[in-house]
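K.L.:
Before anything else, here's the structure in question.
Here, each number is a calculation from the coordinates, and none is a lab measurement. Here the structure is a predicted model, which is why all the values come from computation and not from measurement. Neighbour counts are summed over all protein chains in view; Cβ atoms, including those assigned to glycine, are modelled from backbone coordinates with ideal geometry.
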Amino acid sequence: MTRRILLVEDELGLVMTLSDRLTSEGYTVESANDGETGLERATNETFDLIILDVMLPHRGGFDVCRDLRQRGVGTPIIMLTARGQVTDKVVGLKIGADDYVTKPFEMMELLARVEAQLRRATVGGTLSTEVYQFGDVRVDFRRAEVYRGQDAVELSAKEFRLLRYLIEHRGAALTRDELLNQVWGYDAAVSTRTVDVHVAWLRQKLEPNQRHPQFILTIHGLGYKFSP
């Protein structure tokens, strides 16, 4: 199945160059030339990956990334920018980007990062096109919606990404450090207590009895495991 990539970039020469190269690699490429259009297309259409420039007219890339995550859109995002400051990279990754490439870049490097994000997104199967159910909970990965019985469950973007990662790696013992790296998207000196807090919130919203969880299990001295 051909992977769809949304390229949100206002530099038309770069759009043409990237579109041609990605198309030659077998991807289907759609483009948006401003942040507002990119946000609406990424929200309302299905893409496998978003390449998002930081400096965009109408709405900046940081704002687009943050708004997508707040709307529950879990599509992998690679941010593309001329900025090289470490602080910019940290900001982008903290608000939900999955990777960050600084211009000018080698095309092979960008292609490798695209492949890595697509590979990571499909670990455990093509869940982005499926509905997964456990107990009375139903998770719609395409729509980024969660239901418990007939009632919609409101999850934050990070809660949804954490739940998705746990389900994709169901049965595996996952360390807190791995969850922090893979779900939060950066390796920073942040307390793994962050993971514990988000797991507690998921249990409160999804487990029949959060004190005695049936699905999101604690592996003492290590981390957590999703047991369907």
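K.L.:
Only Lys, Arg, Asp and Glu count, each charged at its Cβ (+1, +1, -1, -1), so figure out the dipole size of region 127-226 about its Cα centre, rounded to 20 debye.
P.N.:
On the way: 14 positive and 13 negative charges, 23 e Å.
Result for region 127-226 is approximately 120 debye, rounded to the nearest 20.
K.L.:
Taking GluC sites (Glu not before Pro) as exposed when DSSP calls them loop (any state but H, G, I, E, B) and at most 16 other Cβ atoms lie within 10 Å, what is the longest stretch of the chain free of them, the sites themselves excluded?
P.N.:
Longest site-free region, per DSSP loop and neighbour criteria: 155-228.
K.L.:
Continuing with the same structure: With unit charges on the beta carbon (Lys/Arg positive, Asp/Glu negative), name the residue among G171, V183, A157 whose Cα is farthest towards the positive pole of the charge dipole of region 127-226.
P.N.:
Result: G171, furthest along the dipole toward the positive end.
K.L.:
Suppose R0 equals 35 Å; then what is the FRET efficiency for R138 and H58 from their Cβ-Cβ distance, rounded to the nearest 0.05?
P.N.:
Working: r = 36 Å, r/R0 = 1.03.
Efficiency for this residue pair is about 0.45.
K.L.:
A follow-up question, please. Taking only DSSP H segments of four or more residues, each worth -39500 (n - 2.57), what value at 222 nm results for the chain once the sum is divided by all its residues, to the nearest 500 deg cm²/dmol?
P.N.:
For the chain, the value works out to -12500 deg cm²/dmol.
K.L.:
Give the separation of the Cα centroids, region 9-53 to region 168-185, in Å.
P.N.:
29 Å
K.L.:
Okay, next question. Mind checking the dipole of the chain: about its Cα centre, +1 per Lys or Arg Cβ, -1 per Asp or Glu Cβ, Debye to the nearest 20?
P.N.:
I would put it at about 900 debye.
K.L.:
Also: Report, to the nearest 10°, how far helix 12-24 tilts away from the longest principal axis of the Cα atoms in the chain, using its own Cα long axis and a range of 0 to 90°.
P.N.:
60 degrees
K.L.:
Still on this structure, I have one more. What FRET efficiency would be calculated for the residue pair W201, E40, taking the C-beta separation as r and a Förster radius of 25 Å, to the nearest 0.05?
P.N.:
Working: r = 29 Å, r/R0 = 1.16.
Approximately 0.30, to the nearest 0.05.
K.L.:
Separate question: Could you work out how much longer the chain between Q210 and N181 gets when fully extended? Use 0.36 nm per residue separation minus the Cα distance between them, nm to one decimal.
P.N.:
Answer, rounded to one decimal: 7.9 nm.
K.L.:
On to the next question. Restricting the calculation to Cα positions, tell me the Rg (one decimal) and the Dmax (whole number) of the chain in Å.
P.N.:
Rg and Dmax of the chain, Cα atoms, are 17.9, 57 Å.
K.L.:
Measure nothing but the geometry: give the 0 to 90° angle between the long axis through the Cα atoms of 193-206 and the longest principal axis through the Cα atoms of the chain, rounded to 10°.
P.N.:
Approximately 70 degrees, to the nearest ten.
K.L.:
How large is ³J(HN,Hα) for each residue in region 161-175, as worked out from phi by the Karplus curve 6.51 cos²θ - 1.76 cosθ + 1.60 (θ = phi - 60°), to whole Hz, x for Gly and Pro?
P.N.:
After applying 6.51 cos²θ - 1.76 cosθ + 1.60, I find 5, 5, 4, 4, 5, 4, 5, 4, 10, 4, x, 9, 7, 10, 6 Hz.
K.L.:
In nanometres, what is the gap between the two model label sites at L12 and Y147, each 7 Å from Cα along Cα-to-Cβ?
P.N.:
4.6 nm
K.L.:
Can you tell me the 0 to 90 degree angle between the C-alpha axis of helix 61-70 and the longest principal axis of the chain, rounded to 10?
P.N.:
Result, in degrees: 20.
K.L.:
Now for a separate question. Sum up the charges of everything whose Cβ sits under 11 Å from the Cβ of V195, counting Lys and Arg as +1 and Asp and Glu as -1, but leave V195 out.
P.N.:
Working: positive: K158, R176, R193; negative: D177, E178, D196.
Counting the neighbours of V195, the net charge comes to 0.
K.L.:
Here's another thing I want to ask about it. Sticking with the crude label model, points 7 Å out along Cα→Cβ, report the distance from E154 to R4 in nm, one decimal please.
P.N.:
2.9 nm
K.L.:
Once the piece of chain linking R119 and K94 is laid out straight, how much longer is it, given 0.36 nm per residue of separation minus the C-alpha distance between them?
P.N.:
Answer, rounded to one decimal: 6.9 nm.
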